[in-house]
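Below is one structure, written out as structure tokens; the observations come after it.
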Amino acid sequence: MARSIKSKASTSSQQVQRAELTRAVEEILLAVERDGDKAVRAYSRRFDSYDPQDFRLSKSEIEACVSQLTREQRADIEFAQTQVARFATEQKKCLTDLEVETLPGVVLGHRNIPIANVGCYVPGGKYPLLASAHMTVLTARVAGCSRVITCSPPFQGRPAPAIIASQYLAGADEIYCLGGAQAIAAMALGTESIQAVDMIAGPGNAYVAEAKRLVFGRVGIDILAGPTETLIIADDSVDGELCATDILGQAEHGPDSPAVLLTTSEKLARDTLAQVQRLLDQLPTASIARRAWETYGEIIVCDDRDEVVREANRYASEHVQVMTGDDDYYHRHLQNYGALFLGARTNVAYGDKVIGTNHTLPTQGAARYTGGLWVGKFLKTCTYQKVLTDEASAMIGAYCSRLSMLEGFAGHAEQGNIRVRRYGRRNVPYAQAASAE
């Protein structure tokens, strides 16, 4: 039976906080829909103390940001973007158009059509998270989307050069220095200066995630990606320092970032707990990581690896990192995760920043029913059908008529009947064969 070495703090107030969050975001959405740019500007001043002449960056402003990169910084960004684009390109190859003749004269198929207008949110309030530009903009570009715009908040009162440069290098058509729920509202609803998009992608804080949830249906969204989560599965094949480093490496994202260790080793559990405390005294971002760890951190000892799998599938964490003597066992048996990191040689930071898989992933248990952002999210798989012969139309029409009448749809039935009358006169065997079924 699983037993806790370190539990998360009580979260009994979360339901109340959620309701307050929803009300606050609804207010922002309604204001932007009613007042457009005026509301966007008011919220930018209120939340980010940022009030530019134009939220859309000009060519010269973008070039100024790019010019601030050192040669090495630009090369590093381009390396990461190459990896993301390469993997997205390989993924796209798995998505092929289809056409098949399912019956004589009946042709069915589908096409993978890029979404035309995409808005990408690139978070950056606490840190300039330039990697999110690779994950969203580049992936949409590989999919073939014709218009890709970006919104990212100001960092320390001005556009963050690295974020802006990354969006530009990834191929964004329009770059806006605008953050929070007001950015989601502007992209989804449109304003006088921002043309509405068809889909919004990208991670963000709780306000951004809630705004995406509330505009879903008006526009498409990728997934509901809220505060980051990490879950580590480990045994005595690794040590506490490695586990603690990887726990805190994700906890520094924000004070609401859950971090969990599942292990079959009580020795490793207690070693990890001690190492977390030691590293918190050294980590430059400890003020954030400590709050996350104290509130949401957990260490759980399980009796065996089957129990570890059950617990991990119950958590359905955004990131699951496996460092054990039999990583393949967990690869075979784990079902609920956003992304899986196998072996001590890899880690979540690789996926977040550079290795090539997409870091926009499901949180808050959504990994039970969806994966993360990938090139396929920016494509619509749309079906089509063709009936090539009179005989085929009359035959399908007879079936359609009878099945429609079973449901009481006389108009649907007549769509089949008229084709039986028009195309079946010279082809009685097909209609008779259908009637005889």
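The values are calculated or read from the model by the stated rules, or taken from the named source; none is laboratory data. Keep in mind that this is a model prediction, so the values were computed, not measured. When we count neighbours, we look across all protein chains shown, and the Cβ atoms used for this are built from the backbone with ideal geometry, even at glycine. Surface accessibility is based on the protein's heavy atoms, side chains included, excluding ligands, DNA and RNA. Shrake-Rupley method; radii C 1.70, N 1.55, O 1.52, S 1.80 Å.
State all residues of the stretch 40-51 that are assigned to a loop (DSSP other than H, G, I, E, B) and out of contact with any helix residue (DSSP H, G or I) (no Cβ under 8 Å at 6 or more places or on another chain); if no residue qualifies, say none. Passing the criteria: only SER49.
Selection of the stretch 65-100 for residues being among the aliphatic types (A, V, I, L, M) and over 19 Å from the mean Cα position of the chain (by Cα) yields VAL66, LEU69, ALA75, ILE77, LEU98, VAL100. Close Cβ contacts (under 7 Å, 6 or more residues apart or on different chains) running from residues in the stretch 307-331 that are over 16 Å from LEU361 (Cα atoms) to residues that are surrounded by fewer than 16 Cβ atoms within 10 Å (Cβ to Cβ) and of a type in the set (Gly, Ala, Ser) comprise GLU307/ALA2; GLU311/ALA2; MET323/SER237; MET323/GLY343; THR324/SER237; GLY325/SER237; ASP327/GLY343. Might you let me know whether the stretch 80-94 holds any residue that is assigned to a loop (DSSP other than H, G, I, E, B) and closer than 17 Å to ASN358 by Cα? The answer is yes; a qualifying residue exists. Taken as a whole, the structure leaves ALA274 outside the set of residues that are surrounded by 20 or more Cβ atoms within 10 Å (Cβ to Cβ) and touching a helix residue (DSSP H, G or I) at 6+ places or on another chain (Cβ under 8 Å).
Restricted to the stretch 351-410, and to residues there that are aromatic (Phe, Trp, Tyr) and outside any helix (DSSP H, G or I), the residue that is surrounded by the fewest Cβ atoms within 10 Å (Cβ to Cβ) is TYR369.
So that you can scan it fast, the table gives a plain yes or no per residue for (1) buried (at least 24 other Cβ atoms within 10 Å of the Cβ); (2) more than 21 Å from LEU214 (Cβ to Cβ):
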residue	(1), (2)
MET135	yes, yes
VAL142	no, yes
THR150	yes, no
PRO153	yes, no
ALA170	yes, yes
ASP173	no, yes
GLN182	yes, no
GLU192	no, yes
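Close contacts from the stretch 150-169, counting a first residue that is at positive phi and a second that is of a type outside the set (Phe, Trp, Tyr), with Cβ to Cβ under 9 Å and a gap of 6+ residues or different chains, come to GLY157/ASP48; GLY157/SER49. Residue count for the stretch 227-241 satisfying the condition of being more than 19 Å from HIS331 (Cβ to Cβ) and open to solvent by 10 Å² or more (accessible area, probe 1.4 Å): 6.
Could you tell me whether the stretch 119-130 includes any residue that is assigned to a loop (DSSP other than H, G, I, E, B) and of a type in the set (D, E, K, R)? Checked the stretch 119-130: at least one residue is assigned to a loop (DSSP other than H, G, I, E, B) and of a type in the set (D, E, K, R).
Any idea how many residues of the stretch 80-105 are surrounded by fewer than 11 Cβ atoms within 10 Å (Cβ to Cβ) and over 19 Å from CYS145 (Cα atoms)? The qualifying residues number 2.
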